[in-house]
1. Taking the options B:230, B:254, B:261, name whichever one is in contact (Cβ under 8 Å) with a residue 40 or more places away in the chain, within 10 Å of chain A (Cβ to nearest Cβ), of a type in the set (Val, Ile, Thr) and within 25 Å of residue A:167 (Cβ to Cβ).
2. Can you tell me which residues in region A:22-44 are modelled with pLDDT of 80 or more and over 23 Å from the mean Cα position of the chain (by Cα)?
3. Kindly evaluate residue A:268 against the criterion of being modelled with pLDDT under 85 and more than 14 Å from chain B (Cβ to nearest Cβ).
4. When you go through (1) closer than 21 Å to residue B:103 by Cα; (2) outside any helix (DSSP H, G or I); (3) of a type in the set (S, T, N, Q) one by one for residue B:255, which number turns out not to apply?
5. In region A:141-154, which residues are part of a loop (DSSP other than H, G, I, E, B) and at the interface with chain B (Cβ under 9 Å from one of its Cβ atoms)?
6. Somewhere in region A:340-350, is a residue part of a helix (DSSP H, G or I), of a type in the set (Asp, Glu) and more than 8 Å from every other protein chain (Cβ to nearest Cβ)?
7. May I ask you to list the residues in region B:116-165 that are more than 21 Å from residue B:184 (Cβ to Cβ), facing chain A (nearest Cβ under 10 Å) and part of a helix (DSSP H, G or I)?
Amino acid sequence: MAAPTPPISEGPRARHRAWDGGTAVLRFATVTALTFLGLLAITFFIGRIVPIDPVVAVVGDRASQEVYLATREALGLDRPLLVQFAIYVRDVVTGDLGTSLTTGRPVVEDLKRFFPATFEMATLGILIGVSLGVPMGVTAAARAGSWIDQVIRVLGLLGYAVPAFWMGLVALAVFYAGLGWVGGPGRIDIFYDGVVPTVTGLLTVDALIAGDWQIFRNAVSHLVLPSAILGFFSLAYIARMTRSFMLDQLGQEFVTTARVKGVSPRAVIWKHAFYPIRVQLVTVIGLSYAVLLEGSVMVEIVFSWPGIGNYLTTALLRADMNAVLGATILIGTVFIVINRLSDVLYRVFDPRSR
Amino acid sequence: MARLHLWLTDDAPASRWQAQAGQAFRVARSFARSPLAMLGALIILVLVVTALFAPWLAPYSPVGQNLGERLLPPSWAHWMGTDELGRDILSRVIHGTRITLLIVVMVALISAPIGLVIGAVAGYFGGWTDRVLMAITDVFLSLPKLIMALAFVAALGAGLQNAIIAIAVTSWPAYARIARAETLTFRNSEFISAVTLQGASSLRVISLHVIPLCMSSTIIRVTLDMAGIILTAAGLGFLGLGAQPPLPEWGAMISRGRSFILDQWWVATMPGFAIIVVSLGFCFLGDGLRDVLDPRQREGR
């Protein structure tokens, strides 16, 4: 860790703090930009190691030498690698990710169309994960060693051991085909498709805006199962981390003091022990939201969910590299931003880290 | 027996050999006290034995088709039922252990050394070397692993070998971080200064003194990561990007069973159970190893 250079003389306190804040913002911007550049370097590299010659892909393998070279020049492939990379970065930053071979449309437009479905599923997933995982972790810590702690521990380990796509298949067979509790694959039943006007792209929200309860209920019945599965995986991680943070706090002297003074056990847990860990939890929740967005790829395939994951894998199987790398950049960027944001929130909420 | 026990637990070992044997004994003893850790070790042992003796253990051929016995439910003849080509699923799951083991071992053998060397070099030299190497590591760490692996396989082409490379390329950063942190704890200790003063080159110090000391925490982390590696590999197989048919890879088997999930549930579910059991085994084993070898990392209980 490179600490910012401390001022040589002890200046006025206020100036010192302002300087520190400026450095922090600058540092945040630099790290985020560098990470993004790293992401682009990797996708650029992946684009280069494709064993297909991009020039041959355009002109065909019977083209004459002159045509080949002319095309190569037109594509900018004769320039130094660094220049090519600079052009690539410029294109990506200005929102040009190339054209998808599968859909024949600009990748950016495809991504805009597919992203809301993923966002909707992942967001409900993290809400489920947090609203169940945090209380579970707190309970497990408050009753460490009890049967409830053991159950939560096993649930947490299952979160690391069960393949998400397998769980999706089994859940579909049980809850959709067997019990009929939820809607099947897809975002909505086919005869409701495209009925409500698209405003946000989130079907549940759009249905609410249109005031159509039937469609809202139908969309929720399709959304709930994939989101619950994603929620299970973030729940496993969130509960595990909450438990370990809580145990740290419950072992502290101020908690013992509170107990000795006669504060009720409930208040000790929620007011004294839980209060300080909410900051650490922000980071954990941020991280698991990012991981969940990533994990949604596998779940989307099982549920034929028309999101980024489905778009990405369809493109993968057809070697549509522009679409693959575009989706990679989008997911990677969201991942980086969430990571960085939870880091910043941590600094804002926790005065010690300033 | 009693004398052997005394010799092993002696407070003042007379030789280096006795000290090492005693240390191994104490580690094994505290490991054996944890039932979950032992269960994990047992599962992995069974996995290794199954993989070694797969052709003798499997009741049928993993690829032999028998169209007269398509999609049979689990029975005494076929414990896990048969798939859409009449192949015995149990035999395929048994042969699948070889692929799973191959993947985790290869990924560990590729990614752990890369991470170890990068982390040890960064921690040992410090300064700019450290900053540049760790900046690269952090970039890799802050990228989504599964998506990066998918993109790499897309570029390299589907297949078992490329899946292994893609997973390895995305798993090393965690080991680099650990190796660096370990290195920093003893970077300035006296035994390092001593060997340096004796004229040892940096290469010698790093390879003979720094890396061996980073091994135990790296091994723990690798074991804990095994479950994730198995899941990623199964995911690639499920997407058709990993091991290609007719190889009995568990993820690919689940993918084939997907079309029959409503009526012939066993085709997709059975390989899934295999994945869960083996992943849990690695989780238990990793947790146990961590508690024994690295008590600082122990989770509160």
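The values are calculated or read from the model by the stated rules, or taken from the named source; none is laboratory data. Worth saying up front: this structure is predicted, and the values here are computed from it rather than measured. For neighbour counting, all protein chains shown are included, and Cβ atoms are generated from backbone atoms with ideal geometry for every residue, glycine included.
1. Working: B:254 fails: in contact (Cβ under 8 Å) with a residue 40 or more places away in the chain; B:261 fails: in contact (Cβ under 8 Å) with a residue 40 or more places away in the chain.
After applying the criteria, what remains is B:230.
2. Residue satisfying the conditions is A:26 alone.
3. Numbers: modelled with pLDDT under 85: yes; more than 14 Å from chain B (Cβ to nearest Cβ): yes.
Answer is yes for this residue.
4. Unmet condition: (2).
5. Hits for region A:141-154 are A:144, A:145.
6. Within region A:340-350, one or more residues are part of a helix (DSSP H, G or I), of a type in the set (Asp, Glu) and more than 8 Å from every other protein chain (Cβ to nearest Cβ).
7. B:145, B:146, B:147, B:148, B:150, B:151, B:152, B:153, B:154, B:155, B:156
Here is a yes/no grid of residues against (1) more than 11 Å from the chain's Cα centre (by Cα); (2) surrounded by 23 or more Cβ atoms within 10 Å (Cβ to Cβ):
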{"residue": "A:280", "(1), (2)": "yes, no"}
{"residue": "A:283", "(1), (2)": "yes, no"}
{"residue": "A:288", "(1), (2)": "no, yes"}
{"residue": "A:297", "(1), (2)": "no, yes"}
{"residue": "A:306", "(1), (2)": "yes, no"}
{"residue": "A:327", "(1), (2)": "yes, yes"}
{"residue": "A:334", "(1), (2)": "no, no"}
{"residue": "A:343", "(1), (2)": "yes, no"}
